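The values are calculated or read from the model by the stated rules, or taken from the named source; none is laboratory data. Note that the structure is a prediction, hence the values are computed from the model and not measured. Ideal geometry is used to build each Cβ from the backbone, glycine not excepted, and the neighbour counts take in all protein chains shown. All accessible areas refer to the heavy atoms of the entire protein, side chains included, with ligands and DNA or RNA removed. Shrake-Rupley method; radii C 1.70, N 1.55, O 1.52, S 1.80 Å.
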Amino acid sequence: MERIILGVDPGTTVMGFGLIKVVGNKISLITLDELLLHKLPNHEMKLKKIFEKTIALIDQYHPDELAIEAPFLGQNAQSMLKLGRAQGVCIAACLSREIPITEYAPRKIKMAITGNGNASKEQVAGMLQHLVGLKELPKRLDSTDGLAAAVCHYLNSGTGVAKQKSYSGWDAFVKANPSRSK
């Protein structure tokens, strides 16, 4: 059975996304990128652009599922509100096309990818290089955050094997999980 998972890291400045194809027990990268929103004049136009981009991704790649990172309370409540709106618009676009949605907390995504819920963006991106064969990392890591949501969903969906153990570093993780690296 083949399925395509769209992963999104919602944001009102940058929305990161990645798509993977799952065939049996193997995952492969379709694409990853980011939508830059900082030049748009207001919050409403950013939300419109997020909706349009999500619909365009659906039309182009026909994902079977959406995995989206949940907003978290960072510096202030206003930021969380804006992130929640961005997430809601992305979810609405998927619901309009009857695509199932699963939301993951940032710590859950990091834990699934690296074995450490406190991993840095760089550590997550580095592990994704091994898991999906990324040749080089993008300049910004918002796209790898979106990709991480998709891979987390695969690992938590019963097809993959999510690891709940902590590791001392990359070498320990790769040594303990040779099948998860290339």
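The number of residues in the range 64-81 that are in contact (Cβ under 8 Å) with a residue 60 or more places away in the chain and more than 17 Å from Pro106 (Cα to Cα) comes to 2.
From the residues in the range 17-58 that are out of contact with any Leu (no Cβ under 6 Å at 6 or more places or on another chain) and of a type in the set (Gly, Ala, Ser), which one is nearest to Leu83 (Cα to Cα)? The qualifying residue nearest to Leu83 (Cα to Cα) is Ala56. So which residues in the range 48-87 are of a type in the set (Gly, Ala, Ser), at pLDDT 95 or above and open to solvent by 40 Å² or more (accessible area, probe 1.4 Å), if there are any at all? Within the range 48-87, just Ala56 meets the criteria.
Against the test of being more than 20 Å from Asp64 (Cα to Cα) and surrounded by 18 or more Cβ atoms within 10 Å (Cβ to Cβ), the options Ala119, Ala150, Ala105 yield a single qualifying residue, Ala119.
Output the residues belonging to the range 91-131 that are at pLDDT 95 or above, assigned to a helix (DSSP H, G or I) and polar (S, T, N, Q). Correct list: Ser96, Thr114, Gln123.
I'd like the full set of residues that are in contact with a Ser or Thr (Cβ under 7 Å, 6 or more places away or on another chain) and closer than 13 Å to Ser143 by Cα, limited to the range 1-29.
Applying the first criterion (in contact with a Ser or Thr (Cβ under 7 Å, 6 or more places away or on another chain)) to the range 1-29 yields 16-22, 25.
Residues satisfying the conditions are Gly16, Phe17, Gly18, Leu19, Ile20.
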